[in-house]
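The structure under discussion appears below in the form of structure tokens.
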Amino acid sequence: MRNALADDRAGRFSEGTSMSPTTAVTTTLHPGDVALGLRGDRLETLLGSCVAIVITDPRRTVGVMCHIVHSRPPSSAALATGAYADVALDTMVSLLQQRGITARLCEAYVYGGGNMFPNLEQGPTVGDDNADWALGALTTLGISVLAADVGGAAYRRLSWTVGRGAPQVVSTAV
């Protein structure tokens, strides 16, 4: 994962810039990233076959987002990073717990899992596997999924400002 703690007091994760606790932060997630934001912070990413999970506490004061590349666990030779679904989700739950938030009381959104090669891929795709894993894992954790926009032959640009509103998604056909 490419995240470093930027400000211990704020608990914000970004790429090394220090911000005051009252300054909203915009974090662009790349494949394998996991980020935590506080109310007013903006989390964004661009998805193809990858999947983003957004989890927020019921009061919408804290949110975490990940950008999952692989739904299957890493091989024994591969480094376990946030690119792998189980590592990313475990990291998200840990970040919430550090804030005193129980994951099963949270709400989630799932996006992505597109088919980037619709003229070549027939049947289940990598994107389908990623989306199925994310939805199943959240169900297993008891986290309610409020909305999901997955599958299809599309890229998705996802952005969310931590707070009451739902994430915004713009889809573009492949």
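Within the stretch 91-109, track down each residue that is free of Cβ contacts under 8 Å to residues at least 12 places away in the same chain and within 25 Å of A80 (Cα to Cα). Explain how you work it out, then say what you get.
Start the filter on the stretch 91-109 by keeping residues that are free of Cβ contacts under 8 Å to residues at least 12 places away in the same chain, which leaves 94, 97, 100, 102.
Matches in the stretch 91-109: S94, Q97, T102.
Give the residue, chosen from G127, G152, G63, that is more than 16 Å from H30 (Cα to Cα) and over 15 Å from the mean Cα position of the chain (by Cα).
Among G127, G152, G63, only G152 is more than 16 Å from H30 (Cα to Cα) and over 15 Å from the mean Cα position of the chain (by Cα).
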- request: Check the stretch 150-170 and report whether any residue there is at pLDDT 95 or above and assigned to a helix (DSSP H, G or I).
  value: no
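Looking only at the stretch 47-67, which residues are touching a residue at least 60 places away in the same chain (Cβ under 8 Å), within 21 Å of V150 (Cα to Cα) and in contact with a Gly (Cβ under 8 Å, 6 or more places away or on another chain)?
The initial filter retains those residues of the stretch 47-67 that are touching a residue at least 60 places away in the same chain (Cβ under 8 Å), namely 47-56, 60-63, 65.
After this cut, where a residue has to be within 21 Å of V150 (Cα to Cα) as well, the list is 47-56, 63, 65.
Of everything in the stretch 47-67, those that are touching a residue at least 60 places away in the same chain (Cβ under 8 Å), within 21 Å of V150 (Cα to Cα) and in contact with a Gly (Cβ under 8 Å, 6 or more places away or on another chain) turn out to be L47, G48, S49, C50, V51, A52, V54, I55, T56, G63, M65.
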- prompt: Is it the case that A83 is in contact with a Pro (Cβ under 7 Å, 6 or more places away or on another chain), of a type outside the set (F, W, Y) and surrounded by 14 or more Cβ atoms within 10 Å (Cβ to Cβ)?
  reply: yes
message: If I ask for residues that are assigned to a loop (DSSP other than H, G, I, E, B), buried (at least 18 other Cβ atoms within 10 Å of the Cβ) and without any contact (Cβ under 8 Å) to a residue 40 or more places away in the chain, which ones from the stretch 110-134 would you list?
response: none
field: Number of the exception - A137 against (1) surrounded by 15 or more Cβ atoms within 10 Å (Cβ to Cβ); (2) farther than 18 Å from V64 by Cα; (3) out of contact with any strand residue (DSSP E or B) (no Cβ under 6 Å at 6 or more places or on another chain)
entry: (2)
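The values are calculated or read from the model by the stated rules, or taken from the named source; none is laboratory data. Just so it is clear, the model here is predicted, and its values are computed rather than measured. Every residue, glycine as well, gets a Cβ built from its backbone with ideal geometry; the counts of neighbours run over all protein chains shown.
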